[in-house]
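> Before anything else, here's the structure in question.
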Amino acid sequence: MTNEQIMGIFADTAYVRTGGSDEELRCAEYIAAKCADMGLQAAIEPFAVEMADIRRESLTVDGRAVTAKGYLCSGSGTVDAPLVYLPNTDACSRQRCAGKIVLLDGRMGYWLYHDLLDSGMAGFITYDGDTHYADRDIDRRELRSFVSKGQKVPGMNINVKDAVELVRAGAAHARIELEQDEYEGQSRNVVLDLPGQREEFILFTAHYDSTSLSQGAYDNMSGSVGLLAMAEHFASHPHSYGMRFVWCGSEERGLLGSKAYAAAHEEELGRCVLNINLDMIGSVMGKFIACVTGEEKLVHYIEYMAAELGWGLESRQGVYSSDSTPLADKGVPAVSFARLAPGSTATIHNSYDTSALLLAERMQADIGFITAFADRMANAARCPVGREMPENMKEKLDYYLLRKREKK
Ligand SMILES: [Zn+2]
């Protein structure tokens, strides 16, 4: 793939494509068409996702309207209640939230949500953005079904600048009005098979969806381009192991595409020797990392290989917040590759994630290293990576996938 082709794909996909949207479908079809251009036939595999259309949303604080976006899938209703800012969410602080609308720093995770529900929270407000940026953008967030577990209270998201002003002014009372239609929709994975000499295969993944304000160039059309380039490479280069490429939908909504893929293909995953996941590569600035959800030997193998090739890399064992995780949870050893830019040079999940964060030459180099690694694994006399998921990784997966609660 040439530099011009790489940047051409970023230009072609410079639009928002949230999980389950028409634009996500448009991008899935685009990826399938790119495969077809290379003479490869990809299939689009749909899966069900929860969707919502907002009919009405408003937030009033102390009688003044505050620009806000309602949380998708957080139910409908009006809550008129005292407002409390909870900078801490320990048990003592939570005593203050009974019957109130709670303003929170950070994200609404599963454990926090249920702690707050148990404490009597009537509604919630979160914020995003950056006080140092000029914009007043607000991300359209969702109360994920695996967070709410069907227990919904309405939530609103606001810009950080308004949140700071509310707290500074000692805001005391809020009214949330939210009406939405919730229904089942479809998201999709794009799947391409390159059969090898043997039944076992290597699974490549990268998500192609974006969040509500983002063109998702860095996160993660970059990894999606990486998969296209690797498919093109291995279509004309030998590989003893089979290869399957999956461009995952709805990753930003909680790894929904890879979870759906793992559930629908559970039996075949018994023949999957390795998952190679790409999530954010090719940034102008930033360091290259490998995160292995599998035996520690693979961490060291990648370090040795990088040293041999003169490639700068930081390798570690861990659970990566990306599509590798549902696969690792099915027992597939997984490695995620990424180039992590300092936040001051590249930011994601907002309107600043454009192709301006990326460099074609860096894309080529990152793809080159990952391809070299994949080539070794795919042509190994026997893929050496142990299938057994180590206990420390199983424990981390339990925490990440909310089966166990980590003690603070
Ligand atoms: Zn991502």
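The values are calculated or read from the model by the stated rules, or taken from the named source; none is laboratory data. All of these numbers come straight from a predicted model, not from anything done at the bench. Using ideal geometry, Cβ is built from the backbone for each residue, glycine included, and neighbour counts are taken over all protein chains shown.
Yes/no matrix, rows are residues, columns are (1) within 16 Å of the ligand (Cβ to nearest atom); (2) of a type in the set (D, E); (3) in contact with a helix residue (DSSP H, G or I) (Cβ under 8 Å, 6 or more places away or on another chain):
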| position | (1), (2), (3) |
| --- | --- |
| S148 | no, no, yes |
| D181 | no, yes, no |
| I202 | no, no, yes |
| T205 | yes, no, yes |
| S212 | yes, no, no |
| V225 | yes, no, yes |
| G254 | yes, no, yes |
| A260 | no, no, no |
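> Just to be sure I understand the filter: pairs with C-beta atoms under 6 Å, separated by 6 or more residues or on different chains, first member in segment 136-157 and touching a residue at least 12 places away in the same chain (Cβ under 8 Å), second member of a type in the set (K, R). Which pairs pass?
Here the result reads I138/K69; R140/K69; N157/K69; N157/R141, each pair linking segment 136-157 to a residue that is of a type in the set (K, R).
> Could you list all residues from segment 214-223 that are within 12 Å of the ligand (Cβ to nearest atom) and polar (S, T, N, Q)? Quick ask: steps written out before the conclusion?
Quick first cut of segment 214-223, residues within 12 Å of the ligand (Cβ to nearest atom) only: 214, 216-223.
Residues satisfying the conditions are S214, N220, S222.
> Shifting gears a bit: Can you confirm whether segment 302-312 contains a residue that is under 25 Å from L402 (Cβ atoms) and assigned to a loop (DSSP other than H, G, I, E, B)? Full working, then the answer.
Going through segment 302-312, the residues under 25 Å from L402 (Cβ atoms) turn out to be none.
No, that holds for no residue.
> If you don't mind, there's one more thing I want to ask. Determine if segment 25-36 includes at least one residue that is outside any helix (DSSP H, G or I) and at pLDDT 95 or above. Full working, then the answer.
Narrowing segment 25-36 to residues outside any helix (DSSP H, G or I): none.
Scanning segment 25-36, I find no residue that is outside any helix (DSSP H, G or I) and at pLDDT 95 or above, so the answer is no.
> Next up: Has segment 51-66 got any residue that is assigned to a loop (DSSP other than H, G, I, E, B) and basic (K, R)? Outline the logic, then answer.
At the first step, the residues of segment 51-66 found to be assigned to a loop (DSSP other than H, G, I, E, B) are 62-63.
Remaining after also requiring basic (K, R): none.
Taking every residue of segment 51-66 in turn, none turns out to be assigned to a loop (DSSP other than H, G, I, E, B) and basic (K, R).
> What is the residue count in segment 106-119 for residues that are loosely packed, with under 14 Cβ neighbours inside 10 Å and either in contact with a strand residue (DSSP E or B) (Cβ under 9 Å, 6 or more places away or on another chain) or farther than 21 Å from E406 by Cα (or both)?
Within segment 106-119, the first condition is being loosely packed, with under 14 Cβ neighbours inside 10 Å, and the residues that meet it are 106-107, 109, 111, 118.
Now restrict to residues that are either in contact with a strand residue (DSSP E or B) (Cβ under 9 Å, 6 or more places away or on another chain) or farther than 21 Å from E406 by Cα (or both): 106-107.
So the count comes out to 2.
> Name the residue that is surrounded by the fewest Cβ atoms within 10 Å (Cβ to Cβ), counting only residues in segment 239-261 that are touching a His at 6+ places or on another chain (Cβ under 9 Å) and hydroxyl-bearing (S, T, Y).
S250
> Just checking, which of V335, V319 is buried (at least 20 other Cβ atoms within 10 Å of the Cβ), of a type in the set (V, I, T) and not in a loop (DSSP other than H, G, I, E, B)?
Numbers: V319 fails: not in a loop (DSSP other than H, G, I, E, B).
Sole residue among the options that is buried (at least 20 other Cβ atoms within 10 Å of the Cβ), of a type in the set (V, I, T) and not in a loop (DSSP other than H, G, I, E, B): V335.
> Tell me which residues, restricted to segment 262-274, are of a type in the set (G, A, S) and either surrounded by 17 or more Cβ atoms within 10 Å (Cβ to Cβ) or within 16 Å of the ligand (Cβ to nearest atom) (or both). Working first, answer last.
Narrowing segment 262-274 to residues of a type in the set (G, A, S): 262-264, 270.
The one that is of a type in the set (G, A, S) and either surrounded by 17 or more Cβ atoms within 10 Å (Cβ to Cβ) or within 16 Å of the ligand (Cβ to nearest atom) (or both): A262.
> Can you name the number of the only condition in (1) part of a helix (DSSP H, G or I); (2) more than 26 Å from Y261 (Cα to Cα); (3) under 20 Å from the mean Cα position of the chain (by Cα) that A365 fails?
Here A365 clears every test but (3).
> In segment 69-110, how many are in contact with a Pro (Cβ under 8 Å, 6 or more places away or on another chain) and either of a type in the set (F, W, Y) or not assigned by TED's automatic domain parsing to the domain that holds D128 (or both)?
Residues flagged as in contact with a Pro (Cβ under 8 Å, 6 or more places away or on another chain) and either of a type in the set (F, W, Y) or not assigned by TED's automatic domain parsing to the domain that holds D128 (or both) within segment 69-110 amount to 1.
> Going by the structure shown, is D353 of a type outside the set (K, R) and not in a loop (DSSP other than H, G, I, E, B)? Full working, then the answer.
On the way: of a type outside the set (K, R): yes; not in a loop (DSSP other than H, G, I, E, B): no.
Answer is no for this residue.
> For segment 275-320, name all the residues that are more than 16 Å from the ligand (Cβ to nearest atom), within 20 Å of the chain's Cα centre (by Cα) and among the charged types (D, E, K, R).
Correct list: K287, R316.
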